[in-house]
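The values are calculated or read from the model by the stated rules, or taken from the named source; none is laboratory data. What you see is a predicted model, and the numbers here were worked out from it, not measured in a lab. Because the Cβ atoms are built from the backbone with ideal geometry, glycine has one as well, and the counts that use them run over all protein chains shown. Surface areas here come from the heavy atoms of the whole protein model, side chains and all, with no ligands, DNA or RNA. Shrake-Rupley method; radii C 1.70, N 1.55, O 1.52, S 1.80 Å.
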Amino acid sequence: MASLFTETRCKLYFIAALKRNCLGASLRTCSTATTTANEQEVKQFSNIASKWWQWDNKNMPLHALNKVRVPLIRDVLLGNEKSCKINHPRPLNGYKILDVGCGGGILCEPLARLGAKVTGIDASPEIIDVAKTHALRCDRVFTNVSYECTTIEQLSRKEELQLYDAVIASEVIEHVDNIDLFLSSCNQLIKPGGKSIITTVNRTPLSYAVMILGGEYISRIIPVGSHDWKKFITPKELTKKLAIDGLNVEFLRGIFYNPLTNNASWFDDIRVNYAIVAHKPYETIEQSDIQSHSSNTTK
């Protein structure tokens, strides 16, 4: 009964916000051009670049999310080898990871410490400078991580494509323009047999109440204007978009962030934050090659 009351109240808040046109203040122009970078979003995050590694600021939730993100990425990549490698100081040695929208390197660095070769990209030159500078503090990080100021679509258009065991988009999709271009560019850089690992926000009345009303306007733990509810994506929508490139979802679970304790944990409810992992089958590439060859021979 209590949960039903809470959900009903959230829906009422959501409807009231729509009537007051509160959503309009946070809406951004959604581009269908050949870029995924939203200039306003990039500028907003660039303005807090110098505070990226400070725990007592607006990036606290990102630091807390590592408690679930890093073990998830490690376990997904190790797969059946987890039992024999989990206690190794560098269990991800030999794996190549791309972190799209890496920010100041909050996720890149712990993955690099685990032995992975990590490439972080971000559209903000100020944030990339912060990431590069912070990486110098640890030799293990510095030798395993590289950063580049670019967008995912620019990276995917390079003549010599670098493919990765995992392409990560963590707390990024809800900030980009042209989500279809973003996902297709990410998926293009995944090795056959590799993984797409995404954490994002569901588009529900509850997520509006929690992330925007609660996170931005009441508690202020998130900078006001950081999110546009219309750019949130449901797991069903994301699953369909991943399937277009032949990726199969193999993991879906909710994430709960407690601002009072600054702690993140797994959660059965996916109505707000969630993580999704999709596998790129080997046959995706093979079928593509066969179809291309067949098309060429019939011309």
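Scoring E174 on the criteria (1) closer than 17 Å to Y274 by Cα; (2) part of a helix (DSSP H, G or I); (3) touching a Cys at 6+ places or on another chain (Cβ under 9 Å) leaves a single failure, condition (3). Any idea which residue in the stretch 216-249 is nearest to L183 (Cα to Cα), counting only those that are polar (S, T, N, Q) and modelled with pLDDT under 95? Looking at residues that are polar (S, T, N, Q) and modelled with pLDDT under 95, I get S226. Close contacts from the stretch 73-88, counting a first residue that is under 19 Å from W266 (Cα atoms) and a second that is surrounded by fewer than 17 Cβ atoms within 10 Å (Cβ to Cβ) and of a type in the set (A, V, I, L, M), with Cβ to Cβ under 9 Å and a gap of 6+ residues or different chains, come to R74/I86; D75/I86. Taking the criterion of being assigned to a loop (DSSP other than H, G, I, E, B) and open to solvent by 20 Å² or more (accessible area, probe 1.4 Å), the only residue of the stretch 177-202 that qualifies is N178. For the stretch 227-249, give me each residue that is of a type in the set (K, R) and in contact (Cβ under 8 Å) with a residue 24 or more places away in the chain. Scanning the stretch 227-249 gives K230, K231, K241.
Residue-wise test of (1) within 24 Å of V176 (Cα to Cα); (2) of a type in the set (K, R); (3) out of contact with any helix residue (DSSP H, G or I) (no Cβ under 6 Å at 6 or more places or on another chain).
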residue	(1), (2), (3)
S50	yes, no, yes
L78	no, no, no
K85	no, yes, no
G104	yes, no, no
P110	no, no, no
I127	yes, no, no
V130	yes, no, no
T150	yes, no, yes
Q162	yes, no, yes
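Residues that are part of a loop (DSSP other than H, G, I, E, B) and under 20 Å from A49 (Cβ atoms) within the stretch 162-171 comprise just one, E171. Of the helices (runs of 4 or more DSSP H) that lie entirely inside the stretch 68-161, those containing 2 or more residues that are surrounded by 15 or more Cβ atoms within 10 Å (Cβ to Cβ) and acidic (D, E) span 125-135. Tell me, yes or no, whether the stretch 228-242 has at least one residue that is open to solvent by 10 Å² or more (accessible area, probe 1.4 Å) and farther than 26 Å from A264 by Cα. Yes, that holds for at least one residue.
Those residues that are β-branched (V, I, T) and surrounded by 17 or more Cβ atoms within 10 Å (Cβ to Cβ), I need them from the stretch 205-227; list them, please.
Within the stretch 205-227, the first condition is being β-branched (V, I, T), and the residues that meet it are 210, 212, 218, 221-222, 224.
Across the stretch 205-227, the qualifying residues are V210, I212, I222.
Could you check, for the stretch 203-215, whether at least one of its residues is assigned to a loop (DSSP other than H, G, I, E, B), within 14 Å of I179 (Cβ to Cβ) and touching a Ser or Thr at 6+ places or on another chain (Cβ under 9 Å)? Within the stretch 203-215, one or more residues are assigned to a loop (DSSP other than H, G, I, E, B), within 14 Å of I179 (Cβ to Cβ) and touching a Ser or Thr at 6+ places or on another chain (Cβ under 9 Å).
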